[in-house]
Amino acid sequence: MTSTSSIKHKCFQYFFIIIFMLHVCAATSILSSSTDNSSFNSFLEIAKSPEVFDWMISIRRKIHENPELGYEEFETSELIRSELDKMGIPYKHPVAITGVIGFIGTGLPPFVALRADMDALPMQEMVEWEHKSKVAGKMHACGHDAHVTMLLGAAKILKHHEKDIQGTVVLVFQPAEEVSGGARKIVESGVLQNVTAIFGLHIAPELPVGEVASRSGPILAGGGRFEAKISGKGGHAAIPQHSIDPILAASNGIISLQQLVSREADPLDTQVVTVAKFQGGSAFNVIPDYVTIGGTYRAFSKQSFDQLRLRIEQIIVGQAAVHRCNATVDFLDEVKPSYPPTVNDGDLHEHFVNVAVSMLGINNVKSAMTPAMTSEDFAFYQEVIPGYFFILGVKNASHKRFQPSLHSPYLQINEDGLPYGAALHASLASSYLLKHQHHVHGV
C-alpha cells in the first residue's frame with residue numbers, strides 16, 4: 001500500500017510540473033507578443049522624437065536642395081555614407097556605380113532588406129520655398145529624397161536596438177530607379193544573394209499622413225516603351241501616286257494598336273497601349289520619307305506584358321507592309337529596360353498588415369488598394385526574392401483643392417510623414433527577423 005501511494009504521489013508531482021511548464025510557456029508567448037507590439041509603438045515614438053525627427057528633416061532638405069539624376073548620385077551617396085559612418089554602420093560601396101549597401105545586426109542569417117531609391121528627375125522645380133532645388137533643371141519630384149531619409153531614420157532606430165536584432169538587416173540605397181532600372185544592377189551585383197525578403201515604400205501626396213496602402217498580388221503594372229520608324233518614299237503631296245506614304249501607314253498602325261486591348265485582351269486583365277509620339281514631315285505639301293512613332297505599354301502579369309510586346313511589333317510591321325512601307329521597332333531596352341509587374345508576396349502582405357495595424361490602427365491601413373498602371377523597378381527584386389511594396393501618406397497639410405501629383409514640378413510633401421516611414425521600415429525588418437529566426441535554428 002505504501003509503495004502504491006508513493007507512485008501516485010510522484011505521478012501527481014510530475015503532472016503538476018507539466019501543467020506549470022505549460023502555463024509558463026503560454027505566459028512567455030503572450031509576453032513576447034506584448035513585447036513585439038510595444039516595440040512597434042516605441043519605434044514610432046523614437047522616430048517622432050525631436051532629436052530624430054529634426055535630424056530627418058535636415059537630411060531630407062539637404063538632399064532636396066541637391067538633386068542628382070540616375071547613376072550621378074555621388075553627393076547623395078557621400079551623404080548617406082557619412083551618416084552611416086556616424087552611426088557606426090558598416091557598408092559596401094560602390095555597388096551599381098553609386099549605390100550603398102549597409103548592414104545592421106549579427107551579420108548572420110536570416111537576412112532581410114529595406115530599399116530606398118536615390119535619384120531625381122530632369123525637371124525644373126516650380127515651388128518657391130527656402131529649400132528649393134539649387135540645381136537648374138533637376139528636382140526630387142518623385143519623393144526619393146524622402147525615401148533615402150526614411151531609410152536612414154530606420155537605420156538609426158535599428159542601430160540603437162541592434163543587440164535585439166535576431167539576424168541581419170540589409171540597407172539598400174539604390175541608384176537610377178527613374179532612368180534605367182538600378183534595381184536590376186543591384187540584383188546582378190550579388191549583394192542580396194542571402195536575402196530572403198525585401199521591403200520598399202513610395203510616398204503618396206494624395207494619402208493623409210499616418211495612413212498606408214497596399215495589397216497582396218499585383219500592385220503596379222509592368223511598363224515598357226517602344227519606338228518605331230516607318231519608311232516609305234517621299235514626294236509632292238499633290239501627286240501621292242508617285243510616293244509611298246508613311247504617315248498613312250503609321251496612322252493605320254496606331255488605330256490597330258488600340259484594338260490590342262479592346263479586342264485581344266481579357267476585359268478583366270487590365271492593359272494599356274498608348275502611342276504618345278508621332279513625328280514626321282515638316283511641310284504642308286511634302287510627303288516625308290519616314291515617320292517615327294513611340295509609346296508605352298502596361299500590364300499586370302508577365303504573360304500579358306510579353307504578349308503585348310510581341311503583338312506591338314507584329315502590328316506595326318504588318319500595317320507598314322500593307323501600305324508598301326518598311327518598319328523597324330525598337331523597345332529601347334538598352335536605354336531603359338522594361339520593368340516587370342510589381343507583385344507583392346502573400347505571406348509578406350500578412351506580415352505587413354499585422355505590423356502596420358499594430359502601429360497605425362486598423363482604420364489607417366488600406367490593405368486592398370486598387371492597383372496602379374505606373375511601374376517600379378522594385379519589381380526586379382521581386383523576380384528573385386519575395387518582396388513587398390507599400391504606399392505611405394505624405395499629404396500636404398494645406399487645404400488646397402489641387403494636390404500636385406508625383407512627377408509634378410509643384411510637388412510638396414508633408415514632412416510629418418517621415419517618422420511613419422522610418423518606423424515602419426524598422427518594425428517590418430526587426431519583426432520579420434524575429435519571426436524567421438526560429439526557422440534558422442530548426443525550431
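The values are calculated or read from the model by the stated rules, or taken from the named source; none is laboratory data. Note that this is a predicted model, so its numbers are computed, not measured. Glycine also receives a Cβ, built like all others from the backbone with ideal geometry; neighbour counts cover every protein chain displayed. Accessible surface is based on the protein model in full, side chains and every heavy atom, while ligands, DNA and RNA are left aside. Shrake-Rupley method; radii C 1.70, N 1.55, O 1.52, S 1.80 Å.
Mind checking whether some residue in segment 323-339 is open to solvent by 30 Å² or more (accessible area, probe 1.4 Å), basic (K, R) and modelled with pLDDT of 95 or more?
So far as segment 323-339 goes, yes, one or more of its residues are open to solvent by 30 Å² or more (accessible area, probe 1.4 Å), basic (K, R) and modelled with pLDDT of 95 or more.
Could you tell me whether any residue of segment 116-135 is open to solvent by 20 Å² or more (accessible area, probe 1.4 Å) and over 24 Å from N396 (Cβ atoms)?
no
Please give the number of the condition S180 fails out of (1) open to solvent by 10 Å² or more (accessible area, probe 1.4 Å); (2) outside any loop (DSSP other than H, G, I, E, B).
(2)
Tell me whether segment 221-237 contains one or more residues that are of a type in the set (A, V, I, L, M), more than 26 Å from D416 (Cβ to Cβ) and not in a strand (DSSP E or B).
Yes: one or more hits.
Given L201, L207, which one is aliphatic (A, V, I, L, M) and either over 20 Å from the mean Cα position of the chain (by Cα) or part of a loop (DSSP other than H, G, I, E, B) (or both)? It would help to see each step written out before you state the result.
Numbers: L201 fails: either over 20 Å from the mean Cα position of the chain (by Cα) or part of a loop (DSSP other than H, G, I, E, B) (or both).
Step by step, each of L201, L207 is checked, and only L207 is aliphatic (A, V, I, L, M) and either over 20 Å from the mean Cα position of the chain (by Cα) or part of a loop (DSSP other than H, G, I, E, B) (or both).
Scan segment 224-252 for residues that are touching a residue at least 40 places away in the same chain (Cβ under 8 Å), open to solvent by 10 Å² or more (accessible area, probe 1.4 Å) and out of contact with any His (no Cβ under 9 Å at 6 or more places or on another chain) and jot them down.
First, the residues of segment 224-252 that are touching a residue at least 40 places away in the same chain (Cβ under 8 Å): 224-238, 240, 243-250, 252.
Pick out the ones that are also open to solvent by 10 Å² or more (accessible area, probe 1.4 Å) and you get 225, 227, 229, 231-238, 240, 244-245, 247-248, 252.
Result: R225, E227, K229, S231, G234, A237, A238, P240, I247.
Exactly one condition in (1) touching a Gly at 6+ places or on another chain (Cβ under 7 Å); (2) more than 19 Å from I59 (Cβ to Cβ) is not met by Q174; state its number.
That leaves (2) as the condition not met.
Restricting to segment 274-300, what's the tally of residues that are within 15 Å of P341 (Cα to Cα) and either in a helix (DSSP H, G or I) or open to solvent by less than 40 Å² (accessible area, probe 1.4 Å) (or both)?
Selection size over segment 274-300: 4.
Quick check, is I391 touching a residue at least 60 places away in the same chain (Cβ under 8 Å) and of a type in the set (V, I, T)?
Yes; evaluated as a whole, the condition is true for this residue.
Cβ contacts < 9 Å: first residue more than 19 Å from T374 (Cα to Cα), restricted to segment 314-342; second residue open to solvent by less than 30 Å² (accessible area, probe 1.4 Å) and of a type in the set (F, W, Y), any location; separation 6+ or different chain. Result?
Filtered contacts from segment 314-342: I316/F226; V329/F226; D330/F226.
Does at least one position in segment 92-104 carry a residue that is open to solvent by less than 10 Å² (accessible area, probe 1.4 Å), under 19 Å from A47 (Cα atoms) and touching a Gly at 6+ places or on another chain (Cβ under 8 Å)?
No.
Return yes or no: is L392 in a helix (DSSP H, G or I) and either over 19 Å from A116 (Cβ atoms) or in contact with a strand residue (DSSP E or B) (Cβ under 7 Å, 6 or more places away or on another chain) (or both)?
It is false that L392 is in a helix (DSSP H, G or I) and either over 19 Å from A116 (Cβ atoms) or in contact with a strand residue (DSSP E or B) (Cβ under 7 Å, 6 or more places away or on another chain) (or both).
Looking at segment 202-211, can you tell me whether even one residue there is among the acidic types (D, E), in contact with a strand residue (DSSP E or B) (Cβ under 6 Å, 6 or more places away or on another chain), under 30 Å from N344 (Cβ atoms) and in contact (Cβ under 8 Å) with a residue 24 or more places away in the chain? Explain how you work it out, then say what you get.
Here is the first cut: in segment 202-211, the residues among the acidic types (D, E) are 206, 211.
If we keep only those that are in contact with a strand residue (DSSP E or B) (Cβ under 6 Å, 6 or more places away or on another chain) as well, we get 211.
Subset that is under 30 Å from N344 (Cβ atoms): 211.
Then keep just the ones that are in contact (Cβ under 8 Å) with a residue 24 or more places away in the chain; that gives 211.
Checked segment 202-211: at least one residue is among the acidic types (D, E), in contact with a strand residue (DSSP E or B) (Cβ under 6 Å, 6 or more places away or on another chain), under 30 Å from N344 (Cβ atoms) and in contact (Cβ under 8 Å) with a residue 24 or more places away in the chain.
With respect to N344, is the statement that it is out of contact with any Phe, Trp or Tyr (no Cβ under 8 Å at 6 or more places or on another chain) and either modelled with pLDDT of 95 or more or surrounded by fewer than 23 Cβ atoms within 10 Å (Cβ to Cβ) (or both) true?
no
Right, G167: at positive phi and either open to solvent by less than 10 Å² (accessible area, probe 1.4 Å) or not β-branched (V, I, T) (or both) or not?
Answer is yes for this residue.
Name the residues in segment 359-373 that are farther than 29 Å from V272 by Cα and open to solvent by 80 Å² or more (accessible area, probe 1.4 Å), would you?
I362, N363
Kindly provide the set of residues from segment 89-126 that are within 21 Å of the chain's Cα centre (by Cα) and at positive phi, ordered by number.
The answer is A96, I97.
Among the residues of segment 340-366, what is the count of those that are over 25 Å from A183 (Cα atoms) and not in a helix (DSSP H, G or I)?
Of the residues in segment 340-366, 3 are over 25 Å from A183 (Cα atoms) and not in a helix (DSSP H, G or I).
For segment 253-273, give me each residue that is open to solvent by 30 Å² or more (accessible area, probe 1.4 Å) and in contact with a strand residue (DSSP E or B) (Cβ under 8 Å, 6 or more places away or on another chain).
First, the residues of segment 253-273 that are open to solvent by 30 Å² or more (accessible area, probe 1.4 Å): 254-255, 258-259, 261-264, 266-270, 272.
Once the filter is applied, which keeps residues that are open to solvent by 30 Å² or more (accessible area, probe 1.4 Å) and in contact with a strand residue (DSSP E or B) (Cβ under 8 Å, 6 or more places away or on another chain), segment 253-273 yields I254, Q258, V261, D269, T270, V272.
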